[in-house]
Amino acid sequence: SYDRGATVAGVVGVGRLITGMDRGLQGMCVNERRHLIVPPHLGYGSIGVAGLIPPDATLYFDVIMLDIWNKNDKLQITTLSKPEHCNRTVENSDFVRYHYNGTLLDGTPFDSSYSKDSTYDTYVGTGWLIKGMDQGLLGMCAGEKRSIIIPPFLAYGEKGYGTMVPPQASLVFSVLLVDFHNPKDGVFLEYLEVPESCKRRAVTGDFVRYHYNGTLMDGTLFDSSYSRNHTYNTYIGKGYIIPGMDQGLQGVCMGERRRVVIPPHLAYGENGAGDKIPGSAVLIFDVHIIDFHNPADPVEIETVYRPEGCNVTTRDRDFVRYHYNCSLLDGTKLFSSHDYEKPQEAMAGWRAQDFGARRGRGGRIWGRGVIVPPHLGHGESGARGVPGSAVLRFEVELISMEEGVPEGYLFIWHGEPPANLYEQMDLNKDGEIPAEEFSTFIKTQVAEGKGRLMPSSDPEKVIADMFRNQDRNQDGKITSEELKLKSDEDQEKIHEEL
């Protein structure tokens, strides 16, 4: 047979071979070698083979068994390894990506996906594969390894395939299933950790900050936000990210950990992305939600503690002293007023530096627990120690407050101002009011309860600002022509506009 360059194939025990060979081949294993001595009466007898085998010849055969199969054989499937967790197995019409080594039954290799440095990608159960492989891949888990032995009538049959697979050859495939999906698959969600308290879930239009690890189904890491030490920040449901992630982040809670499994038609499709995501790859994202907000969100206020008998609350432009702790929503501490000697001071509803502008407090309650979205905090750029687009949590304790004055005023009268205001303010009656006289007069009015200054940690500065406003020509003194009440100034402006 070596001279002919082709193996001999035949059915044993049905009279198609000489009796000696029929008997001599039985009981052999693949790759077994035998030396057969066949006497004439079990060979070609007294007739022989004309021109080749003389009559009454004893025959000697050196035989090596290359392949064995029976028409009743079925696939032989051996599971070599299997993942602990397997949510779904291969079914007909699934699209699979797998690696394989293909050998003949005697171990002769004929093909390998590894040599091509690429998986074999195809549909199962639709006739694109030989029947044996179509059947052999069914029920596999992603990451599973199998040995699949296929008889020739479920492989390439009598014709074989090319020069590598001879006719009537059994095939052995060592298969590693890399991943699979079905074109009808949607996003699969696995809830790894959900906070007990979830006041709001993310919806389309929300801006989400999250960390993630992205892997293929075989566990290969292709990307991670942790490696960049920076969250991934984006809007959801608006097409800024792959469709599967747009869907997979819907309904998340702050602090939630979620696994999002995305089929390729909702990820990067047949083309893949870069050199790390192959075509038709299923992607797995393990996501940790840091925070989210909507550009329309107001400041959220929760009263943690309110003293009994609290009848007076802060109003717009009141001067307040307070302590606070500031953190991210995941609990990361950013800064605290307790790190400084004195409490913080601010005018309620005026300064946006701490709690997100005047809209945040509504002019009624100085919140004890305050959630500030980034557009009312430090915005997309963040600040020193504050990540961009971060939602902030403040825990606030009000220490004291002073009643404020209307916007645009530095001092207000509790009743009607004196009719002869200039004369009363000119303490030495010399026809002009220097800064010292002005300051003494204003302080006297405050002390006697006739008026009040805009609250400040530095009342001297407020009085100095008042004096500068009245000293129109900046000559260091106020004349009767220069002194005007703000209400009179506002009325003059209206007339000028008219």
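The values are calculated or read from the model by the stated rules, or taken from the named source; none is laboratory data. Please read all numbers here as calculations on a predicted model, not as lab measurements. Cβ atoms come from the backbone with ideal geometry, glycine included; neighbour counts cover every protein chain shown. Just so you know, the surface numbers come from the protein's heavy atoms only, side chains and all, with ligands and any DNA or RNA stripped out. Shrake-Rupley method; radii C 1.70, N 1.55, O 1.52, S 1.80 Å.
Observations, loosely collected:
- Test: residue in segment 386-397 that is modelled with pLDDT under 85, of a type outside the set (A, V, I, L, M, F, W, C) and in a strand (DSSP E or B): no
- Qualifying residue in segment 61-83 (condition: under 42 Å from the mean Cα position of the chain (by Cα), within 30 Å of G269 (Cα to Cα), exposed (fewer than 15 other Cβ atoms within 10 Å of the Cβ) and free of Cβ contacts under 8 Å to residues at least 40 places away in the same chain): no
- Selection from segment 19-60 of residues that are touching a residue at least 24 places away in the same chain (Cβ under 8 Å), open to solvent by 100 Å² or more (accessible area, probe 1.4 Å) and either closer than 30 Å to G132 by Cβ or part of a helix (DSSP H, G or I) (or both): R33
- Selection from segment 206-237 of residues that are open to solvent by 30 Å² or more (accessible area, probe 1.4 Å) and not in a strand (DSSP E or B): M217, D218, G219, T220, Y226, S227, R228, N229, H230, G237
- Condition met for L427 (assigned by the TED database to the domain that holds R321 and open to solvent by 40 Å² or more (accessible area, probe 1.4 Å)): no
- If the condition is being within 31 Å of the chain's Cα centre (by Cα) and hydroxyl-bearing (S, T, Y), then segment 118-156 contributes S118, T119, Y120, T122, Y123.
- Criterion applied to Y240, Y212, Y235 was being at pLDDT 95 or above, under 23 Å from H85 (Cβ atoms) and not assigned by the TED database to the domain that holds G143, and the one residue passing it is Y212.
- Criterion violated by D111 - all others in (1) open to solvent by 30 Å² or more (accessible area, probe 1.4 Å); (2) farther than 30 Å from I262 by Cβ; (3) touching a Pro at 6+ places or on another chain (Cβ under 8 Å) satisfied: (3)
- Any hit, segment 85-95, residues being touching a residue at least 60 places away in the same chain (Cβ under 8 Å), surrounded by 15 or more Cβ atoms within 10 Å (Cβ to Cβ) and assigned to a loop (DSSP other than H, G, I, E, B): yes
- In summary, D246 fulfils each of the numbered conditions (1) surrounded by 21 or more Cβ atoms within 10 Å (Cβ to Cβ); (2) free of Cβ contacts under 8 Å to residues at least 24 places away in the same chain; (3) of a type outside the set (S, T, Y) with the single exception of condition (1).
- Evaluation of L192 against (1) within 36 Å of the chain's Cα centre (by Cα); (2) hydrophobic (A, V, I, L, M, F, W, C); (3) not assigned by the TED database to the domain that holds S280 (one fails), failing number: (3)
- Residues in segment 128-177 that are under 14 Å from D94 (Cβ atoms) and either among the aromatic types (F, W, Y) or open to solvent by 10 Å² or more (accessible area, probe 1.4 Å) (or both): W128, L129, D134, Q135, L138, G139, A142.
- Hits in segment 272-310 (condition: touching a Ser or Thr at 6+ places or on another chain (Cβ under 9 Å), closer than 19 Å to P183 by Cα and either β-branched (V, I, T) or open to solvent by 90 Å² or more (accessible area, probe 1.4 Å) (or both)): I284
- Residue check for V320: under 30 Å from D339 (Cα atoms), touching a strand residue (DSSP E or B) at 6+ places or on another chain (Cβ under 6 Å) and surrounded by fewer than 18 Cβ atoms within 10 Å (Cβ to Cβ): no
- Filter pass, S224 being of a type in the set (G, A, S) and within 11 Å of the chain's Cα centre (by Cα): yes
- Test: residue in segment 334-346 that is under 32 Å from the mean Cα position of the chain (by Cα) and surrounded by 16 or more Cβ atoms within 10 Å (Cβ to Cβ): yes
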